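All remarks here apply to the structure that follows.
Laboratory data are not the source of any read-out in this text; all were calculated from the coordinates shown. Predicted model only: the values in this text are computed from it and were never measured. Note that each Cβ is placed from the backbone with ideal geometry, even for glycine, and that neighbours are counted across all protein chains shown.
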Amino acid sequence: MKEILKSIIEIIGVKYILIYFVIINVIGFLAMGIDKFKAKRGYWRIPEGTLITLTLLGGGIGTLSGMYTFRHKTKKLKFTIGIPTILIIEVIIICFILFDLYI
């Protein structure tokens, strides 16, 4: 498993992995802002499942900061507990992977 992960990282490159995380977090942040904008005006909304999926894809920091910046979905337990929990689990997994690969 360790060799497979190292191979994947070598093929993709750390630079592109970091770019992916920046982009997915910007998308998560903007999705929260856009959904709040649409909610205020009664327009078609971004499904909650999509917002959660953005978090699961690595956009937890962006989604969480967008949630509190725009004060959106802050009264729903699915978001106030779920998004931070997903983010914490992802950080722990990344730490274990990096620890396993490089130490």
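Assorted remarks:
- Loop-located chymotrypsin sites (Phe, Trp or Tyr not before Pro) in the stretch 1-58 whose Cβ has at most 12 other Cβ within 10 Å (DSSP): TYR43, TRP44
- Helix-only mean residue ellipticity at 222 nm for the chain, each DSSP H run of n ≥ 4 adding -39500 (n - 2.57), per residue, nearest 500: -25000 deg cm²/dmol
- Among (i) 12.5, 35; (ii) 18.5, 66; (iii) 15.8, 52, the entry that matches Rg and Dmax of the Cα atoms in Å as calculated here: (iii)
- Net charge dipole size for the chain [Lys, Arg +1 and Asp, Glu -1 on Cβ; Debye, nearest 20]: 780
- Mean sequence separation of contacting Cα pairs (under 8 Å, at least six apart), scaled by the length of the chain, corresponds to a relative contact order of 29 percent.
- With the charge dipole of the stretch 33-84 set up from +1 on Lys and Arg Cβ and -1 on Asp and Glu Cβ about the Cα centre, the Cα lying farthest toward the positive end among the listed residues MET67, GLY82, LEU57 is that of MET67.
- Where trypsin sites (Lys or Arg not before Pro) fall in DSSP loop in the stretch 51-103, at most 14 other Cβ within 10 Å: ARG71, LYS75, LYS76
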